[in-house]
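Structure, as structure tokens:
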Amino acid sequence: MARIKLPGMIGGLGITLKQLVTPTVTVQYPHEKEDPPTRARGVIALQEENCTVCMLCARSCPDWCIYIEGHKEKRPPRREGGRDRTVSVLDRFDIDYALCMYCGICVEVCPFDAIHWSPEYEYSEPDIAKLLHDKVKLGEWMPSVPDAEPLEVGAESGKKKK
């Protein structure tokens with residue numbers, strides 16, 4: 001017959017009783033919401049006026065979930081006596097979040113700061129076809145993008161000194 005070790009059983013019961021009286025730390029999610037961490041990867045936001053249709057984000061995406069279309073337009077010269085200039089105009093910028101793995105390569109590779117991480121995380125859909133978000137929807141998340149953190153002491157701002 002197996003003998004029950006009394007000190008071990010009392011210790012286990014003590015831990016159980018201690019856990020019963022300590023307050024819980026569970027957040028009741030739909031009713032209570034916590035702020036995500038500062039550098040959380042929520043959803044990708046688009047600042048449309050910064051996009052030059054360079055396609056670097058779409059070409060760098062390992063999932064091929066970014067779809068971009070644009071056209072070129074003639075614009076008047078910036079200075080008097082100058083030549084007309086050609087400007088790329090963004091027609092379509094879609095991200096298929098059913099394919100996206102949130103790696104952030106598109107955010108890192110964008111040279112014009114047109115793509116940013118937004119802390120928004122509540123954008124689930126019951127229909128997978130509705131996870132293809134266009135430039136209008138991506139632009140709606142832009143106000144929630146936090147400001148860039150200040151540079152550390154001794155860091156260069158990227159601007160060349162004259």
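The values are calculated or read from the model by the stated rules, or taken from the named source; none is laboratory data. A quick note: this is a predicted structure, and the numbers were derived from the prediction, not measured. FYI the Cβ positions are ideal-geometry reconstructions off the backbone, even for glycines, and counts take in every protein chain you see.
Overview of values
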| quantity | calculated |
| --- | --- |
| Test: Tyr97 is within 13 Å of Arg41 (Cβ to Cβ), touching a residue at least 12 places away in the same chain (Cβ under 8 Å) and out of contact with any helix residue (DSSP H, G or I) (no Cβ under 7 Å at 6 or more places or on another chain) | no |
| From the options Thr16, Thr24, Thr52, Thr38, residue that is of a type in the set (Val, Ile, Thr), surrounded by fewer than 14 Cβ atoms within 10 Å (Cβ to Cβ) and either in contact with a Ser or Thr (Cβ under 7 Å, 6 or more places away or on another chain) or at pLDDT 90 or above (or both) | Thr16 |
| The range 78-116: number of residues that are part of a strand (DSSP E or B), among the hydrophobic types (A, V, I, L, M, F, W, C) and under 22 Å from the mean Cα position of the chain (by Cα) | 4 |
| Those residues of the range 37-51 which are outside any strand (DSSP E or B) and closer than 16 Å to Pro146 by Cβ, in sequence order | Pro37, Thr38, Arg39, Ala40, Arg41, Gly42, Gln47 |
| Selection status of Glu120, more than 19 Å from Cys54 (Cα to Cα) and either in contact with a strand residue (DSSP E or B) (Cβ under 6 Å, 6 or more places away or on another chain) or in a strand (DSSP E or B) (or both) | yes |
| Set Ala148, Ala58, Ala155, Ala98: member being out of contact with any His (no Cβ under 8 Å at 6 or more places or on another chain), at pLDDT below 95, surrounded by 11 or more Cβ atoms within 10 Å (Cβ to Cβ) and among the aliphatic types (A, V, I, L, M) | Ala98 |
